[in-house]
Amino acid sequence: MPFSISGPLAHAPLTRFAPAPTGYLHLGHAANAVWVWGIARALGGRVLLRIEDHDRSRCRPAYESALLDDLDWLGLEPDLAPTTDYRAGPCKLRQSERDALYTHALDTLRAAGLVYACDCSRKTLAKEVGDLRDVETPYNGKCRERGLPSAPGRGMRVRLSPGSETFDDLRLGTQEQVPFEQCGDLLIQDRLGHWTYQFAVTVDDWLEGVTLIVRGEDLLSSTGRQLQLARLLGRGAPPRFLHHPLIRNPGGGKLSKANRDTGLSELRAGGERPEEVLGAAAHATGLLTEPRALGADELGALFRVA
Ligand code: GLU
């Protein structure tokens, strides 16, 4: 039975596949691609390929070429990619090429008095509020009223409001989140001057005109804060969201780029065919009751618009 999606949805939505070139793609990315391309094809929409290389210290050109090659092997062609023309100008879909846009977005927030400089390091915060790596602990607001001038070595945070954000996930139904309680004032630029994932992705989804975000459930808790940030930046109509199931490793954890047995290059080297990989990814995320070979041109048929 196809997965049923019900509206209201933008006509011919623009969605995106947004890998970070910090490692090789694995079966979890293939699953995300199945949902992204499948939904786009079922709704007569388009897929944009964004290279999320905001974390310059971990990204490598070799990972970007490998992921382009893997997509090609899977038979998944984006409608817009970093090499195609987008609107009038050259298509800057690599985050590393979009610095001016992020700076402009930061200036907009600054002009509205919504940002402040922050010199708290991860280490000091870990001492004061606990280790932020494992469980999310909200920022304690230490620099909120200090009025520090922005300077090299200081990060930037945006003031979030205490209210809740409600959205209708196309798979999980109504969701309510209170970003200020989850994360406190959001870091948008770190102390080294790098744009954070939350900021870059929100600016990109808005300025690239993405209307439907299809991604794994691991990012569900980011959605409320991205909605609030988009509104503060001036985005009118918010995008719609669908968070799909994740593929777990046998221990129950999330697949990661370090899980060699599910890496696409390992599967390819082991003689798997692209149809088998797509079928396995669709099956593992509940789109097929039995694993079977699935061609890229069949993905749209996995979804039905109700
Ligand atoms: N770049 C993120 C990842 O590879 C995806 C971000 C998103 O879909 O918002 O997990």
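The values are calculated or read from the model by the stated rules, or taken from the named source; none is laboratory data. Here the structure is a predicted model, which means the values were calculated and not measured. FYI the Cβ positions are ideal-geometry reconstructions off the backbone, even for glycines, and counts take in every protein chain you see. Areas reflect the complete protein model, heavy atoms only, side chains present, ligands, DNA and RNA absent. Shrake-Rupley method; radii C 1.70, N 1.55, O 1.52, S 1.80 Å.
Side notes on the structure shown:
- All of (1) open to solvent by less than 10 Å² (accessible area, probe 1.4 Å); (2) at pLDDT 95 or above hold for Q95 with one exception: (2).
- Taking region 1-18 as the range and being of a type in the set (A, V, I, L, M, F, W, C) and either within 16 Å of the ligand (Cβ to nearest atom) or under 28 Å from D55 (Cβ atoms) (or both) as the test, the residues that pass are L14, F17, A18.
- The residues of region 134-179 that are under 30 Å from L43 (Cβ atoms) and of a type in the set (S, T, Y), listed by number, are S164, T166, T174.
- Enumerated helices (runs of 4 or more DSSP H) restricted to region 153-246, each holding at least 1 residues that are in contact with a Pro (Cβ under 9 Å, 6 or more places away or on another chain) and of a type in the set (A, V, I, L, M): 223-233
- Taking residues in region 208-224 that are of a type in the set (D, E, K, R), and partners anywhere that are more than 8 Å from the ligand (Cβ to nearest atom), the pairs with Cβ atoms closer than 7 Å and at least 6 places apart or on different chains are E208/L48; R215/H243; E217/H243; E217/H244; E217/P245; E217/L246; D218/L246; D218/K254.
- Search result, residues across region 165-184 that are open to solvent by 60 Å² or more (accessible area, probe 1.4 Å) and either within 14 Å of the ligand (Cβ to nearest atom) or of a type in the set (D, E, K, R) (or both): D168, R171, E176, E181
- The set of residues in region 122-149 that are part of a loop (DSSP other than H, G, I, E, B), under 25 Å from the mean Cα position of the chain (by Cα) and surrounded by fewer than 18 Cβ atoms within 10 Å (Cβ to Cβ) comprises D131, L132, R133, D134, V135, E136, T137, P138.
- Residues of region 195-216 classified as under 11 Å from F241 (Cβ atoms) and either open to solvent by less than 30 Å² (accessible area, probe 1.4 Å) or not polar (S, T, N, Q) (or both), total: 6
- Residue count for region 19-58, restricted to those that are within 13 Å of the ligand (Cβ to nearest atom) and closer than 16 Å to R240 by Cβ: 4
- Of residues in region 265-306 being farther than 25 Å from K254 by Cβ and in contact with an Asp or Glu (Cβ under 7 Å, 6 or more places away or on another chain), the one least open to solvent (accessible area, probe 1.4 Å): G295
- The set of residues from region 5-24 being closer than 15 Å to R58 by Cβ and not aromatic (F, W, Y) comprises P19, A20, P21, T22, G23.
- Complete set of residues in region 190-209 that are touching a strand residue (DSSP E or B) at 6+ places or on another chain (Cβ under 6 Å) and more than 15 Å from the ligand (Cβ to nearest atom): D190, R191, G209
- If the condition is being open to solvent by 30 Å² or more (accessible area, probe 1.4 Å) and touching a residue at least 60 places away in the same chain (Cβ under 8 Å), then region 44-56 contributes H54, D55, R56.
- Single match in Y63, Y116 (criterion: modelled with pLDDT of 95 or more and among the hydroxyl-bearing types (S, T, Y)): Y116
- Unique residue being touching a Gly at 6+ places or on another chain (Cβ under 8 Å), modelled with pLDDT under 95 and open to solvent by 40 Å² or more (accessible area, probe 1.4 Å) when the list is P152, P90: P152
- Cβ pairs under 7 Å, 6+ apart, first in region 277-289 and more than 23 Å from L172 (Cβ to Cβ), second basic (K, R): G279/R292
- Top-ranked residue in region 243-264 [being in contact with a helix residue (DSSP H, G or I) (Cβ under 7 Å, 6 or more places away or on another chain) and modelled with pLDDT of 75 or more; ranked as surrounded by the fewest Cβ atoms within 10 Å (Cβ to Cβ)]: P245
- Residue check for L187: of a type outside the set (V, I, T), open to solvent by 40 Å² or more (accessible area, probe 1.4 Å) and within 11 Å of the ligand (Cβ to nearest atom): no
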